[in-house]
Structure formats: structure tokens, C-alpha cells
Amino acid sequence: MSKAHHGNGSAERKAAALLAATTLALASVSSAAASGPAEVTFLGSPSSAESIAVGETLYAEHCAACHGENREGQPDWRRRLDTGRMPAPPQDGTGHSFTHSDAHLFAMTKLGIEAVVPGYESDMPAFEGILEDAEIIAILSFVKANWPEERRAYQASLPGMDAGRPGE
Amino acid sequence: MTDFTGFRFNRRALLRGAIGASIMAMAPQLRAATPAGYRALAFSGGGAVAAGDSFLTSEDGGATWRQGARPGASPVALAAHPERSGRLIVALEGGGVAVSDNRGETLILGGRGLPAAEISALATAARLPDTLYAAIPGDGLWRSEDAGESWEFVMDRPFIAGEERDVLSLASVDLASGMGGIWLYGGSTAGLQRVPDCFCRWQDVQPEHALDALVEGAEAPEPRPLPAGEPVRALISSAAAPSRLWAALPSGIWISADAGLTWETANAIAATALAGDPTNPDTLIAASPDGLFHSRDAGRSWTASTIL
């Protein structure tokens, strides 16, 4: 069990390391506006109200078509499509996004689900080249800001969530 | 006049009877091979249970069995948890679930919310004794969080080689998924996959540092999966050593010591059900068309069990 923890933690530390500069830059921009709608962090850095607002706009442009205007996911999202792929799950805390660490959420959004589950086929595209790293972080911060508090607390307790924090 | 002869005769007869009874008591009990038709197994309440047209119970790790209760409906799958002594969850032929708190003596129907279809696989969650998983062919995976009383749909079937596959066997494996929970392994009609118990996606068993390898471009450990395309009829994980798995395929019983990344064949028994003693990973039982078997060396060798 602990080995699996270490394995994932190590993986997420590496993914997080790729983002460290971006995240720190975002954090420095957000430092003047630390009073967001919720206590939201991403990869250990606080998400500002501005970045969450930017994330809301970007979510509507890039994510809502599949994940739903209100992040409710596609209908009957637990049942496989005729293509064999799974529908887009909710992002409002009723799905399973909160069971993924920040590093995994970032990697799946930027590089596609296959970055985390090798060989897995998904309708979700990789957003590398479409969205900047900071934009992906803004979207994910917006999503996290609208999870119920207990979902954020659950995600914060995941083994990979302590990876990538400054000073660690 | 008192007939002492008769008395002497009776006393001799009594003496002979006593000696005979002593010899009988010292003689081994009559034993027979276990009959075929027992298709569900579990360890519960410190003993083992086999279910077919009747329940059999064993108090010696499956070496010998005794007749137990004869249920009204025929069980097709059993599940138990070491923290719920004596409790059996029973999937019934034709559909539905029943719960017994006395190893099958009495059954109480549950299964609210389940479709009217027969369950093909049943398992308890390793860390949550009242949480159960059931697979239904042509449908998917269902979960109960109240020991079988009510159920909800949680996940579709695995998608292997371009098709959805029915799950024939389930094992909750007490190893961290990295997503705040553990893994649920599913043996399907065409191989093995697993899903985190948050039910985000079925996936092949990957090396635990697969993402490290992707990031670094390093070589990941080489998986050695079960034979492609074979149905996984039974699948168990050791409660005492969760990385150890056993799978029953038509080609025999296979063993993994690394949570299903690599497998090796252990025995040619064509088992249809397996169960492991939660306190001792070396003690296993198997059901096959030839009867019941038991192993005391973690599945390497098997001995035909007997019924008393």
C-alpha cells in the first residue's frame, strides 16, 4: 500500500515539477487578491479570485460543451457510449474529479487521459497547444472552487497532493 | 431363582459392545469425495462455506466438509468479510441478493434497486465490511453500502479488445489507488482489468510507477498478463497480503505476487470458484467440476477435499 503511495507521489512530484514556474508565477499575480470565493489552491499555491474568474470564462469556451454548462456532465455518464468510450463526467463534485490530485488533473487536461492511464482511449482531447499552462490551472481552479467543501477536503488529503508545494 | 447365566451373557455383550464402540470411535470417519455442483465459496466466521444446491461448511480450512442448510434458492456467488463474522452475502440463481448472519442457515432477501438479472460476480470491499460490489452481465457494476439491502449503479463494464466484456469475478484489493481509495479488480470474459473504487475508469494493470516512466522516458517494468482472451472465472486477493492474487481460468489456477502485473500458472485445476482464508494466505479452497479442493501452500498444490 505504501509502495503505491510512493509510486503515485513520485509521479505527481515529477508532473508538478514541470509546472512549478507557472504555478509560482500565478501565485505571485494572485497574492494581491487572496480573497477568492473559496479557499482554493492548485499545486499548493492559492488560486486568486481573478484566475478563478478567468477559469470560468475559459471553462465555458473549452469544457462546457462536454462537461455541461453547470459542470453536470453528460447524461448517464456512468454508462459507456456506443463508441466504447465513457461520457464526460460531472465536474461539480458529483463525479470523480475530486479523487484525482492536482498534478493528475493538470496532466490529464494538458496531455490527455493517457498521460495518467496509459493506453486509455477517451473523447477528451489534450489541450496542449490550445491552452497555456496558466489557463489550464485557472480552469481547474474554477472547477475546484465550485466543488462542495467536503470534496475539496477529500482531494486535499490525497497522497499526491503534497507534491510540488514550494519548499517541499 | 435368579438367572445368572443370562446376567453373565448380558454383561459380556455389554463389554463387547463397549469395546466395539471404542474401536469404532478410534476408526477414521467415513469420508467421500465432495460432489460437483458447488459453485460459490467463502470464508466466514472462522470457517469455510461452499454453496450449491445446499451449503457445506468446513472448520478445517476446506479439507473436510459437512452438510449445512439447504436454501430455497440456489446461490451462484458468495461474499464475506472478516470483520463480519458469520455473515454471508449470497447472490441467487435467477437474480437477487440475500444476506445471512449465520453462514447460510437463514437468508434474508435484500437487493433493492438491483435489476432483475442474475449476478455474475460478488465481492465485499476490503476496507469497508458493509460495502459490496456486484457485476451483472450486459449491464455493469453495482454497489451497496448497507450490506446488500440497497444498491446503486456505479460503473459500466470493462472495454477490452474493442468490446464491452461481462465481469465474471471481482476482488477488492487493499492497495492504494492513489485516488483516496483502493482497487477493485474485475475478471472478465476476456481478461483482467481494474478500476479505482472512485469508479473513474476501468484500466489494465500498470506498473505502479508507469507515470514516472512516461515522464522520464524510462523503461517501465514488463507486465506478464494472464493469457489473452481467456475468461477469468474466479479472482481473489489475500486479505493478509493484498498484493497476492489468484485467478481461475480454463487453463488452470494462476498466481500473481505483484498485484496482477505479472502472472504465473500454478496448477491445471479448472476451478470455477476460489476463496482464501483471510488470516492465512497459504490456505485456499477451490470448486471445480470434479468437486472441492484445498491448498496449504498458496495454491501451488491442491488436494481433493472430502465430505463427512
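The values are calculated or read from the model by the stated rules, or taken from the named source; none is laboratory data. Since we're looking at a predicted model, the values are computed, not measured. No Cβ is skipped: glycine too gets one built from the backbone with ideal geometry, and neighbour counts run over all protein chains shown.
Does any residue of the stretch A:136-143 turn out to be of a type in the set (Phe, Trp, Tyr), buried (at least 17 other Cβ atoms within 10 Å of the Cβ), in contact with a strand residue (DSSP E or B) (Cβ under 9 Å, 6 or more places away or on another chain) and touching a residue at least 60 places away in the same chain (Cβ under 8 Å)? First the steps, then the outcome.
First, the residues of the stretch A:136-143 that are of a type in the set (Phe, Trp, Tyr): A:142.
From what's left, buried (at least 17 other Cβ atoms within 10 Å of the Cβ): A:142.
Subsequent filtering for residues that are in contact with a strand residue (DSSP E or B) (Cβ under 9 Å, 6 or more places away or on another chain) retains none.
Looking for residues that are of a type in the set (Phe, Trp, Tyr), buried (at least 17 other Cβ atoms within 10 Å of the Cβ), in contact with a strand residue (DSSP E or B) (Cβ under 9 Å, 6 or more places away or on another chain) and touching a residue at least 60 places away in the same chain (Cβ under 8 Å), one finds none in the stretch A:136-143, hence no.
If I go through the stretch B:100-128 residue by residue, how many of them are of a type in the set (Val, Ile, Thr) and surrounded by fewer than 21 Cβ atoms within 10 Å (Cβ to Cβ)?
So the count comes out to 2.
Here is a yes/no grid of residues against (1) in contact with a Lys or Arg (Cβ under 9 Å, 6 or more places away or on another chain); (2) in contact (Cβ under 8 Å) with a residue 60 or more places away in the chain:
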| residue | (1), (2) |
| --- | --- |
| B:ARG39 | no, yes |
| B:PHE55 | yes, no |
| B:GLU59 | yes, no |
| B:TRP65 | no, yes |
| B:ALA73 | no, no |
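Residue by residue through the stretch B:261-307, note down the ones that are of a type in the set (Asp, Glu) and within 18 Å of B:LEU226 (Cβ to Cβ). Spell out the reasoning first.
At the first step, the residues of the stretch B:261-307 found to be of a type in the set (Asp, Glu) are B:264, B:277, B:282, B:290, B:297.
B:GLU264, the sole residue that qualifies.
Filter the stretch B:163-194 down to the residues that are among the aliphatic types (A, V, I, L, M), more than 9 Å from chain A (Cβ to nearest Cβ) and in contact with a Pro (Cβ under 8 Å, 6 or more places away or on another chain) and list them by number.
Here is the first cut: in the stretch B:163-194, the residues among the aliphatic types (A, V, I, L, M) are B:167-168, B:170-171, B:173, B:175-176, B:179, B:182, B:184, B:190, B:192.
Next, from what is left, pick out any that are more than 9 Å from chain A (Cβ to nearest Cβ): B:167-168, B:170-171, B:173, B:184, B:190, B:192.
B:VAL167, B:LEU168, B:VAL173, B:LEU184, B:ALA190, B:LEU192, listed by residue number.
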Of all residues in the stretch A:90-127 being more than 8 Å from every other protein chain (Cβ to nearest Cβ) and in contact with a Ser or Thr (Cβ under 6 Å, 6 or more places away or on another chain), the one that is farthest from B:GLN206 (Cα to Cα): A:GLN91
Residue among A:PRO37, A:PRO87 that alone is at the interface with chain B (Cβ under 10 Å from one of its Cβ atoms) and either at pLDDT 95 or above or out of contact with any Gly (no Cβ under 9 Å at 6 or more places or on another chain) (or both): A:PRO87
Of all residues in the stretch B:44-73 being in contact with a Leu (Cβ under 7 Å, 6 or more places away or on another chain) and not in a strand (DSSP E or B), the one that is nearest to B:ASN102 (Cα to Cα): B:GLY68
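Kindly evaluate B:GLU145 against the criterion of being of a type outside the set (Gly, Ala, Ser) and either in contact with a Leu (Cβ under 8 Å, 6 or more places away or on another chain) or within 14 Å of another protein chain (Cβ to nearest Cβ) (or both).
Working: of a type outside the set (Gly, Ala, Ser): yes; either in contact with a Leu (Cβ under 8 Å, 6 or more places away or on another chain) or within 14 Å of another protein chain (Cβ to nearest Cβ) (or both): yes.
Criteria met by B:GLU145.
I'd like the full set of residues that are of a type in the set (Lys, Arg) and at pLDDT below 95, limited to the stretch A:40-79. Don't jump to the end; show me each part of the working.
So the first thing to find is which residues in the stretch A:40-79 are of a type in the set (Lys, Arg), and the list is A:71, A:78-79.
If the condition is that a residue be of a type in the set (Lys, Arg) and at pLDDT below 95, then no residue fits.
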